[in-house]
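K.L.:
This is the structure I want to talk about, given as structure tokens.
The values are calculated or read from the model by the stated rules, or taken from the named source; none is laboratory data. Note that the structure is a prediction, hence the values are computed from the model and not measured. Here the Cβ positions follow ideal geometry from the backbone for every residue, glycine too, while neighbour counts run over all protein chains shown.
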Amino acid sequence: MAERTTKSLGFPSFCMGDLSYVDIQQYLKHSDTILIPKASLEQHGPHLPLYCDTITATEVAQRAGEEAGILYTPTIWMGYSPQHMREPGWGAGTITLRADTYLNMIYDVGRSLIHHGFNRLIFVNGHGSNVKVIDPVLRKLRNETGALIAYYKPYAERYIGMLKDVLEGPVEETPGWHAGELETSQCLAHNPDLVRLDRAQADKAHAPKWLGEQGWRRCGHLAGFHRRHPPGVSHGAAARRQFPRRNGSFRQERAARGSPRSRGLSCHPRRRPAPAQSGLHPSCPA
Ligand SMILES: [Zn+2]
């Protein structure tokens with residue numbers, strides 16, 4: 001099963017939403033892999049769009065899918081973001097799902113795709129807090145069906161990796177933090193019109209005083225300690241020089257490489273009932 005042959009099918013794009021079922025049927029004769037980008041809609045400081053994480057996940061899945069000839073679903077923009085709700089009436093704009101709603105949604109998406117004949121599901125995550133709740137549903141999908149379930153985490157909040165020498169903000173300014181240098185640069189690379197650098201404010205994540213001088217090193221990843229949920233660090237202009245090229249090409253290549261590689265893994269789904277038949281919906285007739 002050669003993934004690359006899918007590129008000769010003449011699809012207008014590899015986004016599932018752009019295709020008809022005839023295309024899906026054709027694709028499934030050549031590949032059983034699909035990317036599922038998923039992120040959030042949440043406040044990202046005064047200078048970034050609420051769609052910031054969705055932009056990251058969409059860009060990665062789209063670039064990887066188009067390059068490798070792998071289908072990708074439209075991005076699931078609803079995520080798990082209770083920490084970004086702020087006070088009632090404050091107007092943060094965040095839309096969050098309860099953890100169980102989120103897990104049920106991911107489960108139904110997965111079971112739908114497996115039902116249609118996809119055997120290898122690669123979730124492309126763009127929002128850090130989704131990771132906190134998703135593990136049980138990934139295992140459930142795998143255990144119940146035998147499908148290969150992979151989870152790809154692009155460089156995003158607090159996950160800088162090989163981009164370390166590209167980012168300019170010092171580590172105590174947490175350049176990879178929520179709405180910081182990394183995300184600002186990602187949004188600039190996507191569409192500079194969506195970034196209001198004139199509104200960006202310098203800010204630092206901070207730990208409670210009782211943790212002492214180096215406290216942020218030990219608990220900087222706990223969002224609750226950053227009361228204001230950083231409005232962002234305005235290093236985007238500098239990062240813009242190198243970031244889009246390196247970050248874009250790296251992630252695209254990595255996600256694309258993941259798909260053909262997964263072909264070597266054994267994957268023979270045992271059951272393919274549609275979600276409504278799975279028992280998760282007791283109100284539905286059998
Ligand atoms: Zn974000």
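K.L.:
Quick check on this structure: which one of Val195, Val124, Val131 is over 30 Å from Tyr21 (Cα atoms) and modelled with pLDDT of 95 or more?
P.N.:
Being over 30 Å from Tyr21 (Cα atoms) and modelled with pLDDT of 95 or more holds for just one of Val195, Val124, Val131, which is Val195.
K.L.:
Restricting attention to region 130-139, which residues are buried (at least 17 other Cβ atoms within 10 Å of the Cβ) and within 17 Å of Ser112 (Cα to Cα)?
P.N.:
The answer is Val137, Leu138.
K.L.:
Can I ask one more? Would you mind finding the one in Gly17, Gly93 that is on the phi > 0 side of the Ramachandran plot, surrounded by fewer than 18 Cβ atoms within 10 Å (Cβ to Cβ) and small (Gly, Ala, Ser)?
P.N.:
Of Gly17, Gly93, the one residue that is on the phi > 0 side of the Ramachandran plot, surrounded by fewer than 18 Cβ atoms within 10 Å (Cβ to Cβ) and small (Gly, Ala, Ser) is Gly93.
Matching residues to (1) within 14 Å of the chain's Cα centre (by Cα); (2) among the aliphatic types (A, V, I, L, M):
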| site | (1), (2) |
| --- | --- |
| Thr5 | no, no |
| Gly10 | no, no |
| Cys15 | no, no |
| Leu19 | no, yes |
| Ser31 | no, no |
| Gly45 | no, no |
| Pro49 | no, no |
| Ala57 | yes, yes |
| Ala61 | yes, yes |
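K.L.:
Which residue out of Arg158, Arg228 is within 14 Å of the ligand (Cβ to nearest atom), modelled with pLDDT under 85 and surrounded by fewer than 19 Cβ atoms within 10 Å (Cβ to Cβ)?
P.N.:
From the options Arg158, Arg228, the qualifying one is Arg158.
K.L.:
Then there's this: Restricted to region 96-119, and to residues that are of a type in the set (Ser, Thr, Tyr) and within 14 Å of Ala39 (Cα to Cα), which residue is surrounded by the fewest Cβ atoms within 10 Å (Cβ to Cβ)?
P.N.:
Thr96
K.L.:
State which residue is farthest from Ile134 (Cα to Cα) when the search covers only region 20-41 and only residues that are in contact (Cβ under 8 Å) with a residue 24 or more places away in the chain and assigned to a loop (DSSP other than H, G, I, E, B).
P.N.:
Of everything passing the filter in region 20-41, His30 is farthest from Ile134 (Cα to Cα).
K.L.:
Still on this structure, please answer the following. Away from the ligand (no atom under 16 Å from the Cβ) and assigned to a loop (DSSP other than H, G, I, E, B) - does that describe any residue in region 50-71?
P.N.:
Scanning region 50-71 turns up at least one residue that is away from the ligand (no atom under 16 Å from the Cβ) and assigned to a loop (DSSP other than H, G, I, E, B).
K.L.:
Condition check: touching a helix residue (DSSP H, G or I) at 6+ places or on another chain (Cβ under 6 Å), of a type outside the set (Lys, Arg), within 14 Å of the ligand (Cβ to nearest atom) and under 25 Å from Cys267 (Cα atoms). Does Thr75 satisfy that?
P.N.:
yes
K.L.:
One residue is enough: does region 80-92 have a residue meeting the conditions modelled with pLDDT of 95 or more, under 21 Å from Ile149 (Cβ atoms), within 14 Å of the ligand (Cβ to nearest atom) and in contact with a helix residue (DSSP H, G or I) (Cβ under 6 Å, 6 or more places away or on another chain)?
P.N.:
yes
K.L.:
Only one of (1) among the β-branched types (Val, Ile, Thr); (2) free of Cβ contacts under 8 Å to residues at least 60 places away in the same chain; (3) under 16 Å from Ile122 (Cβ atoms) fails for Val60. Which number is that?
P.N.:
Looking at each condition in turn, Val60 falls short on (2).
K.L.:
Only one residue in Ala147, Ala189 is away from the ligand (no atom under 16 Å from the Cβ) and in contact with a helix residue (DSSP H, G or I) (Cβ under 8 Å, 6 or more places away or on another chain), so which one is that?
P.N.:
Result: Ala147 is the single residue among Ala147, Ala189 that is away from the ligand (no atom under 16 Å from the Cβ) and in contact with a helix residue (DSSP H, G or I) (Cβ under 8 Å, 6 or more places away or on another chain).
K.L.:
Here's a follow-up. Could you identify the single residue in His115, His127 that is in contact with a strand residue (DSSP E or B) (Cβ under 8 Å, 6 or more places away or on another chain) and either within 16 Å of the ligand (Cβ to nearest atom) or outside any loop (DSSP other than H, G, I, E, B) (or both)?
P.N.:
The unique qualifying residue is His127.
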